[in-house]
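This report refers to the structure that appears directly beneath it.
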Amino acid sequence: MAIIGQPRSFHKRFKFLVEIDDIGHAGFQKCSELSVEVANIQYFEGGSLIPNKSPGRLTFSDVTLERGATQDHQLFDWFQDVVHMSSGLGLPDGLYKRNSDIVQQDRDGTTLRRWSLSRAWPVKFVAGEWDNESDENVIESVTLTYDFFELTVR
């Protein structure tokens, strides 16, 4: 995972870091649950009264990160790439779908868990309140969709 720049001190109060290929990182205070659901396929053989059950397709829910901050605008630029794609201006998948990690840290900044999201892209971006006394670009929330996730650090 490529991180632009060094982790900054403002991340101390944001315990979920998002690291995105070729973009950088942002800190967030809250992260929604990551979930996956397996469809239950049932079929009856012969005159059986009891169904045979098999796993079906997987459905991964979107993840929302809330109350975030970053010192650059690369996360919003990524969202704009998606907007351009959806408006028909065209971008191949490789330019807007990116691998991303959500890193949960303890109070000391030690990594507790690292979840890797494959081929993620933002589907919603909510800018935060403006504060002229802050050096940070506040992000109220960003919602990411992705193909699948995996736990990479336990």
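Structure values in brief
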item	result
Residue match in the range 116-139 (condition: modelled with pLDDT under 90, under 26 Å from residue 59 (Cα atoms) and assigned to a strand (DSSP E or B))	yes
Complete set of residues in the range 33-62 that are within 30 Å of residue 102 (Cα to Cα) and open to solvent by 80 Å² or more (accessible area, probe 1.4 Å)	33, 37, 40, 55, 57, 58, 59
Of all residues in the range 140-154 being at pLDDT 80 or above and assigned to a loop (DSSP other than H, G, I, E, B), the one that is farthest from residue 66 (Cα to Cα)	147
Extreme residue, nearest to the chain's Cα centre (by Cα), among residues of the range 40-77 that are of a type in the set (Gly, Ala, Ser), within 21 Å of residue 117 (Cβ to Cβ) and in a strand (DSSP E or B)	68
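The values are calculated or read from the model by the stated rules, or taken from the named source; none is laboratory data. Nothing here was measured: the structure is a model prediction, and the numbers come from that model. Glycine gets a Cβ as well: all are built from the backbone with ideal geometry, and neighbour counts include every protein chain shown. Please note that ligands, DNA and RNA were not included when accessible areas were found on the heavy atoms of the full protein model with its side chains. Shrake-Rupley method; radii C 1.70, N 1.55, O 1.52, S 1.80 Å.
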